[in-house]
Amino acid sequence: MLYQRSSQLFAEAEKVIPGGVNSPVRAFKGVGGTPIFVKSAKGAYLFDEDGNRLIDYINSWGPMILGHAFQPVVDAVIEKAKKGTSFGIPTELETQIASLAISMVPNIDKIRFVNSGTEACMSSIRLARGFTKRDKIIKFAGCYHGHSDSFLIQAGSGLSTFGVPNSPGVTEGTAKDTLLANYNDIENVKAVFEANKNEIAAIIIEPVAGNMGCVPPNHHFLNDLRELCDENDTLLIFDEVMTGFRLAKGGVQELYNVKADIVCFGKVIGGGLPVGAFAARSEIMNYLAPIGPVYQAGTLSGNPLAMAAGLAMLEALNKDVTIFKRLDEKTAYLEIGIRKVLNENNIVFTINRVGSMISVHFDKKPVVDFQTAKNGDNETFKKFFHGLLQEGIYIAPSAYETWFISDALTYEDLDFTINAIQRVAKLL
Ligand SMILES: *Cc1c(COP(=O)(O)O)cnc(C)c1O
């Protein structure tokens with residue numbers, strides 16, 4: 001397949017947009033080459049500026065769980081747009097989507113809508129700090145919670161408990177309040193608590209990690225965190241921006257039957273429009289302005305187009321009780337197919353999967369945390385990525401990203417993909 005016009009468009013974009021993109025991973029830095037430019041998308045397929053059709057395994061990094069241009073979402077947005085696109089005044093629609101989200105997700109009484117997952121996570125830790133009157137938070141290496149300052153932290157020297165900024169512009173003052181721990185390592189988390197007695201406001205975690213490939217929590221890990229939080233009067237924040245309304249109607253809380261204190265949403269909850277949200281029991285949410293002391297606001301928060309899209313998406317997911325099972329079955333089918341062809345070609349690999357999140361790592365050791373995720377062979381991944389692109393299959397342009405399966409994918413699409421991987425495997 002040719003991607004000539006996309007390359008030209010990228011060259012034009014680079015002149016006026018830093019790196020040619022509005023979010024770094026889109027630029028193909030991890031795999032080489034230049035990004036494809038999308039013209040339109042429908043169902044399981046992307047149509048690019050060169051006239052190629054690609055099967056999409058990213059689905060806008062998750063939101064398009066029912067496929068692109070899903071009709072109820074498109075209709076809802078068009079209808080709303082005719083009636084005005086933003087008011088900065090309350091609408092009934094906000095209550096409707098709030099009520100529906102609360103009915104679908106366990107352990108939440110109130111929810112506030114924002115414009116991105118970043119904003120949701122950023123606001124959730126401010127709320128946790130205000131509520132507990134403590135400053136420090138724990139995050140896990142390899143988990144991504146958006147690009148707000150407190151989360152752009154890497155491991156410091158010695159014990160991986162002391163954070164240093166990993167981007168210029170993040171101050172050391174901010175970094176010192178973010179403590180790092182290793183995913184799936186409860187002893188490590190206990191040591192961090194031990195060293196910071198009565199200082200930790202919250203633990204924030206991707207309860208199924210998806211930003212270092214897909215990394216499931218070990219048996220008991222989430223329950224152990226829950227216990228540790230209860231013992232220390234610390235809040236447990238589940239960042240379900242990726243997993244919420246994807247792994248189950250009620251997200252990971254439902255899937256693994258663990259209770260979080262605050263839950264963050266993004267991606268699917270907006271149906272493809274810019275939406276984030278955070279939610280908790282009333283006691284915590286009532287700490288927010290205008291009834292509580294913790295400030296949080298947004299000119300476009302609860303925007304009618306975004307709320308209409310999100311509501312149409314949640315209604316579709318809420319109505320069809322078989323959807324999460326169907327997604328799991330489709331993804332399992334893909335997993336089995338990929339395992340078979342990679343094994344037949346003697347490729348060294350590990351596949352992680354939870355429901356409709358799946359990642360292929362080119363390393364034979366289990367991938368359980370950031371360290372093991374980094375062991376994957378990036379050269380093999382690059383060949384794999386470009387081989388698939390030539391076959392008309394679009395996966396994330398980075399070895400650290402999960403594939404997001406949409407319900408628009410048919411078993412024919414999956415077979416086509418497995419056959420393509422069979423051909424690509426011979427080139428690895
Ligand atoms: C995507 C993502 C975010 C950030 O959401 P944005 O809408 O990109 O700001 C936060 N947390 C997780 C787990 C994510 O996957």
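The figures follow:
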read-out	value
Filter result (in a helix (DSSP H, G or I) and closer than 14 Å to Ser116 by Cα) within region 286-308	Ala306, Met307
Test set (1) crowded, with 21+ Cβ neighbours inside 10 Å; (2) over 15 Å from Ala279 (Cα atoms) - Lys82 fails condition number	(1)
All positions within region 336-362 that are assigned to a helix (DSSP H, G or I) and open to solvent by 30 Å² or more (accessible area, probe 1.4 Å)	Ile336, Arg339, Lys340, Asn343, Glu344
Filter result for Val294 (open to solvent by 30 Å² or more (accessible area, probe 1.4 Å) and β-branched (Val, Ile, Thr))	no
Residues within region 222-258 that are more than 13 Å from the ligand (Cβ to nearest atom), in a helix (DSSP H, G or I) and either more than 15 Å from Met357 (Cα to Cα) or open to solvent by less than 20 Å² (accessible area, probe 1.4 Å) (or both), tallied	14
Members of region 266-282 that are open to solvent by 30 Å² or more (accessible area, probe 1.4 Å) and closer than 16 Å to Leu305 by Cβ	Gly272, Leu273, Pro274
Positions within region 122-141 being part of a helix (DSSP H, G or I), away from the ligand (no atom under 11 Å from the Cβ) and open to solvent by 20 Å² or more (accessible area, probe 1.4 Å), in sequence order	Arg126, Arg129, Gly130, Phe131, Thr132
Qualifying residues in region 203-221 (those that are outside any strand (DSSP E or B), open to solvent by less than 10 Å² (accessible area, probe 1.4 Å) and at negative phi) - the one farthest from the ligand (Cβ to nearest atom)	Phe221
Answer from Ile55, Ile65 - the residue that is crowded, with 18+ Cβ neighbours inside 10 Å, in contact (Cβ under 8 Å) with a residue 60 or more places away in the chain and assigned to a loop (DSSP other than H, G, I, E, B)	Ile65
All positions within region 363-397 that are crowded, with 21+ Cβ neighbours inside 10 Å and either more than 27 Å from Ile153 (Cβ to Cβ) or in contact with a Ser or Thr (Cβ under 6 Å, 6 or more places away or on another chain) (or both)	Val367, Phe384, Phe385, Leu389, Tyr394, Ile395
Lone qualifier among Arg5, Arg26 - being assigned to a helix (DSSP H, G or I), open to solvent by 50 Å² or more (accessible area, probe 1.4 Å) and either of a type in the set (S, T, N, Q) or touching a residue at least 60 places away in the same chain (Cβ under 8 Å) (or both)	Arg26
Single residue of Pro90, Pro72 found to be over 26 Å from Met357 (Cβ atoms), touching a residue at least 40 places away in the same chain (Cβ under 8 Å), out of contact with any Lys or Arg (no Cβ under 6 Å at 6 or more places or on another chain) and not aromatic (Phe, Trp, Tyr)	Pro90
Region 104-121, residues that are in a helix (DSSP H, G or I) and surrounded by fewer than 23 Cβ atoms within 10 Å (Cβ to Cβ)	Met104, Thr118
Selection count where residues are within 25 Å of Asp407 (Cβ to Cβ) and not in a loop (DSSP other than H, G, I, E, B), scope region 68-92	11
Qualifying residues in region 42-52 (those that are touching a residue at least 12 places away in the same chain (Cβ under 8 Å) and open to solvent by 30 Å² or more (accessible area, probe 1.4 Å)) - the one farthest from Gln4 (Cα to Cα)	Lys42
Residue tally, condition part of a loop (DSSP other than H, G, I, E, B) and closer than 17 Å to Ala201 by Cβ, over region 259-285	3
Answer residue from region 398-412, given it is at pLDDT 95 or above and crowded, with 20+ Cβ neighbours inside 10 Å and is farthest from Leu46 (Cα to Cα) among those	Thr402
Test: residue in region 152-164 that is modelled with pLDDT of 95 or more and on the phi > 0 side of the Ramachandran plot	no
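The values are calculated or read from the model by the stated rules, or taken from the named source; none is laboratory data. Since this is a predicted model, take the numbers as computed values, not measurements. Here the Cβ is made from the backbone with ideal geometry for all residues, glycine too, and neighbour counts use every protein chain on show. Note: accessible area is taken over every heavy atom of the protein model, side chains too, but ligands, DNA and RNA are not part of it. Shrake-Rupley method; radii C 1.70, N 1.55, O 1.52, S 1.80 Å.
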